[in-house]
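Asker: The structure follows.
The values are calculated or read from the model by the stated rules, or taken from the named source; none is laboratory data. Keep in mind the model is a prediction, meaning the values are calculated, not measured. Cβ sites come from the backbone with ideal geometry, for glycine too, and all protein chains shown count toward neighbours. SASA here: full protein model, heavy atoms, side chains in, ligands and nucleic acids out. Shrake-Rupley method; radii C 1.70, N 1.55, O 1.52, S 1.80 Å.
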4 protein chains.
Amino acid sequence: MSLAHGVSYLAIPGPSVTPERVLRAMHRTSPNIYEGALPAMMPALVASLKAVARTEHNVTIYITNGHGAWEAALTNTLSRGDRILVPATGRFSHGWAEIARVLGVEVDIMDFGKRDPIDMAALTERLKTDDRGYKAVLAVHTDTSTSLRTDIPAVRAAIDAAGHPALLMVDCMASLGCDRFEMDAWGVDVMLAGSQKGLMTPPGLAFVWFNDKADRARDTANCVTWAWDWRPRAFPKIFSNYFGGTAPTLHLHGLREALDMIEEEGLENVWSRHASLARAVWAAAEHWGTEGTLELNVRQRELRGHSVTAFRAGSERATALRRWCEDKAGLTLGIGLGMTEPDDPAWHHFFRLGHMGHVSAQMILGALATMEAGMKAVGLPHAPGGVVKAAEVIAAEA
Amino acid sequence: MSLAHGVSYLAIPGPSVTPERVLRAMHRTSPNIYEGALPAMMPALVASLKAVARTEHNVTIYITNGHGAWEAALTNTLSRGDRILVPATGRFSHGWAEIARVLGVEVDIMDFGKRDPIDMAALTERLKTDDRGYKAVLAVHTDTSTSLRTDIPAVRAAIDAAGHPALLMVDCMASLGCDRFEMDAWGVDVMLAGSQKGLMTPPGLAFVWFNDKADRARDTANCVTWAWDWRPRAFPKIFSNYFGGTAPTLHLHGLREALDMIEEEGLENVWSRHASLARAVWAAAEHWGTEGTLELNVRQRELRGHSVTAFRAGSERATALRRWCEDKAGLTLGIGLGMTEPDDPAWHHFFRLGHMGHVSAQMILGALATMEAGMKAVGLPHAPGGVVKAAEVIAAEA
Amino acid sequence: MSLAHGVSYLAIPGPSVTPERVLRAMHRTSPNIYEGALPAMMPALVASLKAVARTEHNVTIYITNGHGAWEAALTNTLSRGDRILVPATGRFSHGWAEIARVLGVEVDIMDFGKRDPIDMAALTERLKTDDRGYKAVLAVHTDTSTSLRTDIPAVRAAIDAAGHPALLMVDCMASLGCDRFEMDAWGVDVMLAGSQKGLMTPPGLAFVWFNDKADRARDTANCVTWAWDWRPRAFPKIFSNYFGGTAPTLHLHGLREALDMIEEEGLENVWSRHASLARAVWAAAEHWGTEGTLELNVRQRELRGHSVTAFRAGSERATALRRWCEDKAGLTLGIGLGMTEPDDPAWHHFFRLGHMGHVSAQMILGALATMEAGMKAVGLPHAPGGVVKAAEVIAAEA
Amino acid sequence: MSLAHGVSYLAIPGPSVTPERVLRAMHRTSPNIYEGALPAMMPALVASLKAVARTEHNVTIYITNGHGAWEAALTNTLSRGDRILVPATGRFSHGWAEIARVLGVEVDIMDFGKRDPIDMAALTERLKTDDRGYKAVLAVHTDTSTSLRTDIPAVRAAIDAAGHPALLMVDCMASLGCDRFEMDAWGVDVMLAGSQKGLMTPPGLAFVWFNDKADRARDTANCVTWAWDWRPRAFPKIFSNYFGGTAPTLHLHGLREALDMIEEEGLENVWSRHASLARAVWAAAEHWGTEGTLELNVRQRELRGHSVTAFRAGSERATALRRWCEDKAGLTLGIGLGMTEPDDPAWHHFFRLGHMGHVSAQMILGALATMEAGMKAVGLPHAPGGVVKAAEVIAAEA
């Protein structure tokens, strides 16, 4: 017998749970891509995409995933041989850097490990003494692997303190539509995200927002290809320019619905909801950790993202916990990513809980209570009652 | 701000949560109702319906809801002026009786209140001394309003002990596909249920199963109408006989998928899952009740149904709890039904949790944790930690 | 090889093609049936149902098919032993009469065959000399089997000319939302229809509209049962009254969308569209019939319904034509119904084309061109070029 | 009034009509992308993709549209400064060439206009005398704008006749799954197509097939980026390699269903169906053109693709025809593409009919009959009766 038969909760850190409304909006045969309702919906869609990033500048919609958006952001702003600086807070910083290297860009990494934030003073110092001419600083807002959240205004301040002209490019894959992010107010030049996390739309679209300074870099960038060129896409003359060919028709309808949901709830409310749910997760986890070896990967609350939480089990029972939750109770947790190699036994120490996008209190409480049941079932030592602590947070904040 | 944005869990005692698979199966334009795949699917569908009721006898599919099935069961077996006996365990016993009265049937009720089981000895005694010629005894397996579960084999035994020829007719609306039910082995003559609870299909179909003894009663029943006549429907010559006209095309596809899900899981496993989840609910509730006034409506575990649980808050805070759970956390609990009139302030003392059909451990734990948060938020006194007790049950039984 | 792979067109006379919008609206897990959006949608839904029937009186929504609606209309107005008069224009007149007989009503039929209209003078004469006390006259607006359309205002006039008090009850199953129908202006007392034809919603709902005179008949009707009683359903105190129990949740959402579609197009425009498409069908058929034996069942245009057309092939090739169209070309025609018994070889002389609800010019032209190809393929003699005549009608009227 | 209310037929040359089965398969919340059913489905999906291209070599699935596939094919095989030869048969040849130029590839075009095939002798001659070292010859199987179909085996023969080592790269966007195509037997080194035409899946995926010779070119290609690199995608170690990050979950389910449909019908049958439907289109058009100025863009039948047909109206009435068909009858025709600039009045001379993928005889006949009605309505001179000629083809070939 299994108790997993029911609505499954996919609590991996992306793709997130697709709302019924979004799927419904996507259930339609292909529309005309030359005239009519589909082209007509674009201006409002672009406006909503800018609003969710808190920018009045530009946005490009790509038919790709997050890795494609990384490449798009780089190719529109850099040339082969350019140098960039990557203050790294997890696997996704390194992943983005790797894509830059393939393009022929030289990358310097300041590695802050997997649990600690960027040392802003060190960043300023590095930029002050820059003799390599960094064209850009790449930061990841919330690293999906570590769940560490970078203080983007502080990065901006660190660059400004050095008086350095580098572009600030930020990966908000895991955070957009979850954690507060204000592109213009925070001085971010380029930002990217995908459809499938906070934006609640199935995988298949990714977005690059850029301001005018970034667009000037496009003038000289020599490795942009036809497919990634943001100029025709962000400043289209006809509908097909948006996508450099055939539009991703279904996803546009899904995205429209998802952005409607965000606008109906209110972006500030969306952020507050994610914050409260994150605090509920932390309350549970911190309580569990008062006995045994379980702990959160990020020690300080102010450094934790609101959309994903990385756990360290302190033993190899993490994998057993994930299996139990999925097979026995209908909850799919995320694997630990980037903490170790998959063939290292330590790989089984890590797991993650995604709490991004279409997530309510009852879903998060269900996930936490299931985890508590699972820890008991698989013998992962912990202090019982974490879910009660979470419920207290929810009771106080809802 | 609200923490309700996400996948809502409709935890009322029916309609239950519709599985994604069932909805997907129903998303199709109307098929040919004269030839082809739709008529061809009927024999297997009928076989699956019989299997889920553990009978080798007959079944009729009606386009109606549960109240229609009540009428169908009565009209095929009774005549105006006939007498029946209803040992009542909640609102739904009385509801069925009322429909019989409208048909011109005389009804005697033995009322066992809202929390207590049928007194089997008293039932035998009544039947032994029957001078009114009861044609049928009507029992409700699990009363959706009280969540009291009647011991159907014991009812059969009580009738047999009296040597009485009355038909045993059982309402399994709330229990079929959740609690063990064995129509043939238990000696049930007529049984009815709907699509929208344990059978996981949206409201719109209801079913009446009947054995040959019941069918013989059809020979003389004088109040059966064309629309309810089970003969052509259960023994069809052509496809349209099944439904006395146009078939409920979408629902048949949904029902097929739902029965496939039950068969894939295994009916015994489905029953075990509901039993474990019910024990988790009870563990939470019994713990909460160790402080304050909250209690389960049915005091003894063996009398509680496995698909729905009726709560008594002991104060008017039940309605506040329901509202909080729905508005703040994404969980919809059921109203108390049949405990009091809606305009009685005591109406706000009652609520119910449905745990029928497509329900997993993480859903139930999420519901319980949300209820615990809600009780704290609205000030409904309780012993905190009930959800931990539930998690322990899940850990032990999954 | 088959040329049938593609979007199939189910051109049987009901269920009609379900619009994508309607299916999309129905793709949702069950909602709360006690509070919230579902109960709130009812007043507007009822208003739209009245509007589509052009009445300011009352309407009941039943979870049933058309045969159930027949029974509902009869039971709310008649008593066992009452007498009614049925001027019959096809199989469905006889079907409705049969249901009345099962209820214990005495039925007199004036049979006008399968191709001819009611003789209104004869009807008046019969009513003038009525010594049986007819309580109701039952008429079918468009008989789905013959496609003959009855002039309902003329029936009203015939009754009035006799000064007879009988209720006028009309079956609009095949015509509502297709042919002009004005319940109040035409003096119709009771009207019924289903969801699955002109109302473009999958089978599963049927409706009975009734005026105050009909409702007064309810006072004395002695064969109404709980399930069919229109009083609580049409004049509900609480939401569950509408459906005498659990609501047909999915269908209500589908029906809402379908009625929105009708209102967006405009009911007069819907009627005009059906009229033009019917004229296109007739133009093709009349042309085909200038050679060979094919002819339309109804000889005079003004007697033909706008939603379905019954054909007489004049040979047994009709069945071959249907098979070819379905297997080879993706078009499903309707079988001939009620013209002969299925085991009579003449059964293969008849077929029907449904053109009701969600039908456009390109669908109808596609059906006609396919029929023309099929007649050629199976050797059913005809004058080629009927589809060109149909295209001319479309060109002139669109 | 409009006769367009009904199932719309989007008869543009892509995206094609999405089958109900495909949409149904895509209606599901996001699945786990790390383990389980989604990763497990990949080997069979890849095998089906190879089968539909008649190759035993390799295939890459990209989250992109056709233009992205163009770039992918080029970047994996070429380096900046390389030279290629493009024998052009329409706009899409030029489009592909333009993308190569943006990559820094030097492109020589042999332009054969918009109505005429490649001159194979001239191609051989050019390659024999090649002093520029062409690395590749780019051919478009069916050009979507002109509907001219290139004889790919003849191109192969022309290259071989010159003894030239250039890669043969073929764009099958408009033809794959419609016209016969045998990658291995025909000696094609690289082939590309998208999801949204013959493969019946909504826009969002595109594919590049390549043989080992092409893969050897990858060794030295210096402009491949991380996102387009086919090596990890075609030879993945783990599931995420297939897509270089997050998988396009919904589209994979849709594609699986579409490939199942092709396999159930049989690829040879799919090709035969498209061939018959194309002949029906041509029969109608050739007949219409016996009066007035309407003609098919491609004069010789053996040069016409089976999935799209480009029309030349010979007057500006083509746009009026398209508008009438869409607004009045529910048929959306394709605009003329690449024949002239949109601001040239001659732009209104052209239109196209797509007949690719999920298309049946009744759909095509409906489109043709609607076009005939439309030509009459808008005054586009033609010989009436083309649709009858088409019906004759269907009757003979179905």
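Asker: Given D:ALA193, D:ALA234, D:ALA162, D:ALA157, which one is in contact with a Leu (Cβ under 6 Å, 6 or more places away or on another chain) and open to solvent by 10 Å² or more (accessible area, probe 1.4 Å)? So that I can check it myself, show each step before the final result.
Answerer: Details: D:ALA193 fails: open to solvent by 10 Å² or more (accessible area, probe 1.4 Å); D:ALA234 fails: in contact with a Leu (Cβ under 6 Å, 6 or more places away or on another chain); D:ALA157 fails: in contact with a Leu (Cβ under 6 Å, 6 or more places away or on another chain).
Of D:ALA193, D:ALA234, D:ALA162, D:ALA157, the one residue that is in contact with a Leu (Cβ under 6 Å, 6 or more places away or on another chain) and open to solvent by 10 Å² or more (accessible area, probe 1.4 Å) is D:ALA162.
Asker: From the set of residues in the range D:232-246 that are in contact (Cβ under 8 Å) with a residue 24 or more places away in the chain and assigned to a helix (DSSP H, G or I), which is nearest to the other protein chains (Cβ to nearest Cβ)?
Answerer: D:PHE243
Asker: Now for a different question. If I filter the range B:173-180 for residues that are open to solvent by less than 10 Å² (accessible area, probe 1.4 Å) and free of Cβ contacts under 8 Å to residues at least 60 places away in the same chain, do I get at least one hit?
Answerer: Taking the range B:173-180 first, the residues open to solvent by less than 10 Å² (accessible area, probe 1.4 Å) are B:174-179.
With free of Cβ contacts under 8 Å to residues at least 60 places away in the same chain added as a condition, the list becomes none.
No; the residues of the range B:173-180 include none that is open to solvent by less than 10 Å² (accessible area, probe 1.4 Å) and free of Cβ contacts under 8 Å to residues at least 60 places away in the same chain.
Asker: Could you please find all residues in the range C:181-190 being open to solvent by 10 Å² or more (accessible area, probe 1.4 Å) and within 23 Å of C:GLY254 (Cα to Cα)?
Answerer: Residues satisfying the conditions do not exist here.
Asker: Restricting the search to the range C:303-321, which residues are open to solvent by 10 Å² or more (accessible area, probe 1.4 Å) and either over 17 Å from the mean Cα position of the chain (by Cα) or hydroxyl-bearing (Ser, Thr, Tyr) (or both)? I'd like the intermediate steps shown before the answer.
Answerer: Keep residues of the range C:303-321 that are open to solvent by 10 Å² or more (accessible area, probe 1.4 Å), which gives C:303-304, C:306, C:312, C:314-317, C:319-320.
Passing the criteria: C:ARG312, C:GLY314, C:SER315, C:GLU316, C:ARG317, C:THR319, C:ALA320.
Asker: Taking the stated definitions as given, is C:GLY14 buried (at least 20 other Cβ atoms within 10 Å of the Cβ), within 14 Å of chain D (Cβ to nearest Cβ) and not in a helix (DSSP H, G or I)? Walk me through how you get there before you give the answer.
Answerer: On the way: buried (at least 20 other Cβ atoms within 10 Å of the Cβ): yes; within 14 Å of chain D (Cβ to nearest Cβ): no; not in a helix (DSSP H, G or I): yes.
In short, no.
Asker: Among the residues of the range C:332-345, which ones are within 13 Å of chain D (Cβ to nearest Cβ) and open to solvent by 10 Å² or more (accessible area, probe 1.4 Å)? Lay out the reasoning, then the answer.
Answerer: Initially, the range C:332-345 is screened for residues within 13 Å of chain D (Cβ to nearest Cβ), giving C:332-333.
Of everything in the range C:332-345, just one residue is within 13 Å of chain D (Cβ to nearest Cβ) and open to solvent by 10 Å² or more (accessible area, probe 1.4 Å), namely C:THR332.
Asker: Next question. Restricting attention to the range B:283-296, does a residue exist that is within 18 Å of A:GLY6 (Cβ to Cβ) and touching a residue at least 12 places away in the same chain (Cβ under 8 Å)?
Answerer: Filtering the range B:283-296 down to residues within 18 Å of A:GLY6 (Cβ to Cβ) leaves B:284.
Going one step further and asking which of them are touching a residue at least 12 places away in the same chain (Cβ under 8 Å), we end up with B:284.
The answer is yes; a qualifying residue exists.
Asker: Output the residue which, of all residues in the range A:243-302 that are open to solvent by 20 Å² or more (accessible area, probe 1.4 Å) and of a type in the set (A, V, I, L, M, F, W, C), is nearest to A:MET183 (Cα to Cα).
Answerer: For the range A:243-302, the residue satisfying everything is A:LEU267.
Asker: Taking the condition facing another protein chain (nearest Cβ under 10 Å) and open to solvent by less than 10 Å² (accessible area, probe 1.4 Å), does C:LEU368 pass?
Answerer: Numbers: facing another protein chain (nearest Cβ under 10 Å): yes; open to solvent by less than 10 Å² (accessible area, probe 1.4 Å): yes.
Spelling it out, C:LEU368 is indeed facing another protein chain (nearest Cβ under 10 Å) and open to solvent by less than 10 Å² (accessible area, probe 1.4 Å).
Asker: Of all residues in the range C:206-222, which are buried (at least 22 other Cβ atoms within 10 Å of the Cβ) and either away from chain B (no Cβ under 14 Å) or at pLDDT below 95 (or both)?
Answerer: C:TRP209, C:PHE210, C:ALA214
Asker: Identify all residues within the range C:366-391 that are over 11 Å from D:GLY6 (Cβ atoms), in contact with a Gly (Cβ under 7 Å, 6 or more places away or on another chain) and either in a helix (DSSP H, G or I) or at pLDDT below 95 (or both); write none if there are none.
Answerer: The answer is C:LEU368, C:ALA369, C:GLU372, C:VAL388.
Asker: So which residues in the range A:322-331 are assigned to a helix (DSSP H, G or I) and either over 30 Å from B:LEU277 (Cβ atoms) or open to solvent by less than 30 Å² (accessible area, probe 1.4 Å) (or both)? Write out each step before concluding.
Answerer: Residues of the range A:322-331 that are assigned to a helix (DSSP H, G or I), as a first pass: A:322-329.
If the condition is that a residue be assigned to a helix (DSSP H, G or I) and either over 30 Å from B:LEU277 (Cβ atoms) or open to solvent by less than 30 Å² (accessible area, probe 1.4 Å) (or both), then A:ARG322, A:TRP324, A:CYS325, A:ALA329 are the ones that fit.
A quick yes/no check of all residues on (1) under 18 Å from B:SER145 (Cβ atoms); (2) more than 23 Å from the chain's Cα centre (by Cα):
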| residue | (1), (2) |
| --- | --- |
| B:CYS325 | no, yes |
| B:GLY330 | no, yes |
| B:ASP343 | yes, yes |
| B:PHE350 | yes, no |
| B:THR370 | no, yes |
| B:GLY374 | no, yes |
| B:PRO384 | no, yes |
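Asker: Could you list, in sequence order, the residues of the range A:24-37 that are crowded, with 19+ Cβ neighbours inside 10 Å and either facing chain B (nearest Cβ under 9 Å) or of a type in the set (Asp, Glu) (or both)?
Answerer: Residue satisfying the conditions is A:HIS27 alone.
Every residue, every condition in (1) surrounded by 17 or more Cβ atoms within 10 Å (Cβ to Cβ); (2) in the same structural domain as A:TRP271 (by TED's automatic domain parsing); (3) assigned to a loop (DSSP other than H, G, I, E, B); (4) modelled with pLDDT of 95 or more, yes or no:
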position	(1), (2), (3), (4)
A:PRO39	yes, no, no, yes
A:ALA44	no, no, no, yes
A:ALA51	no, no, no, yes
A:THR55	yes, no, yes, yes
A:THR60	yes, no, no, yes
A:THR64	yes, no, yes, yes
A:HIS67	yes, no, no, yes
A:LEU74	yes, no, no, yes
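Asker: Looking at (1) under 30 Å from B:ILE238 (Cβ atoms); (2) among the small types (Gly, Ala, Ser); (3) free of Cβ contacts under 8 Å to residues at least 60 places away in the same chain, which one does B:ALA69 not meet, given that it meets all the others?
Answerer: The failed condition is (3).
Asker: Here is a follow-up. Do you know which residues across the range D:371-392 are open to solvent by 10 Å² or more (accessible area, probe 1.4 Å) and more than 8 Å from chain C (Cβ to nearest Cβ)?
Answerer: Of everything in the range D:371-392, those that are open to solvent by 10 Å² or more (accessible area, probe 1.4 Å) and more than 8 Å from chain C (Cβ to nearest Cβ) turn out to be D:VAL378, D:GLY379, D:PRO381, D:HIS382, D:LYS389.
Asker: Among the residues of the range A:182-205, which ones are within 14 Å of chain D (Cβ to nearest Cβ) and on the phi > 0 side of the Ramachandran plot? Can you show your working first?
Answerer: The first filter runs over the range A:182-205 and keeps only residues within 14 Å of chain D (Cβ to nearest Cβ), leaving A:192-205.
Listed by number, the residues that qualify are A:MET200, A:GLY204.
Asker: Would the range C:247-261 turn up any residue that is β-branched (Val, Ile, Thr) and either closer than 24 Å to C:SER145 by Cβ or assigned by TED's automatic domain parsing to the domain that holds C:GLN362 (or both)? Walk me through how you get there before you give the answer.
Answerer: Just the residues of the range C:247-261 that are β-branched (Val, Ile, Thr), to begin with: C:249.
Keeping just the survivors that are either closer than 24 Å to C:SER145 by Cβ or assigned by TED's automatic domain parsing to the domain that holds C:GLN362 (or both) gives none.
The answer is no; no qualifying residue exists.
Asker: Go over the candidates B:PRO236, B:PRO202 one by one and state the one that is in the same structural domain as B:THR142 (by TED's automatic domain parsing) and farther than 23 Å from B:THR75 by Cβ.
Answerer: Working: B:PRO236 fails: farther than 23 Å from B:THR75 by Cβ.
None of the other options fit; the residue is B:PRO202.
Asker: If A:ASP108 satisfies every condition in (1) within 14 Å of chain D (Cβ to nearest Cβ); (2) surrounded by fewer than 18 Cβ atoms within 10 Å (Cβ to Cβ) but one, which is the exception?
Answerer: So A:ASP108 meets the others, but not (1).
Asker: What residue, among those in the range C:78-98 that are in contact with a Gly (Cβ under 9 Å, 6 or more places away or on another chain) and not in a loop (DSSP other than H, G, I, E, B), is least open to solvent (accessible area, probe 1.4 Å)?
Answerer: C:ALA88
Asker: Listed residues B:ALA310, B:ALA329, B:ALA361, B:ALA283; which is hydrophobic (A, V, I, L, M, F, W, C), within 14 Å of chain A (Cβ to nearest Cβ) and under 29 Å from B:PRO153 (Cβ atoms)? Break it down stepwise before answering.
Answerer: Values: B:ALA310 fails: within 14 Å of chain A (Cβ to nearest Cβ); B:ALA329 fails: under 29 Å from B:PRO153 (Cβ atoms); B:ALA361 fails: under 29 Å from B:PRO153 (Cβ atoms).
Result: B:ALA283 is the single residue among B:ALA310, B:ALA329, B:ALA361, B:ALA283 that is hydrophobic (A, V, I, L, M, F, W, C), within 14 Å of chain A (Cβ to nearest Cβ) and under 29 Å from B:PRO153 (Cβ atoms).
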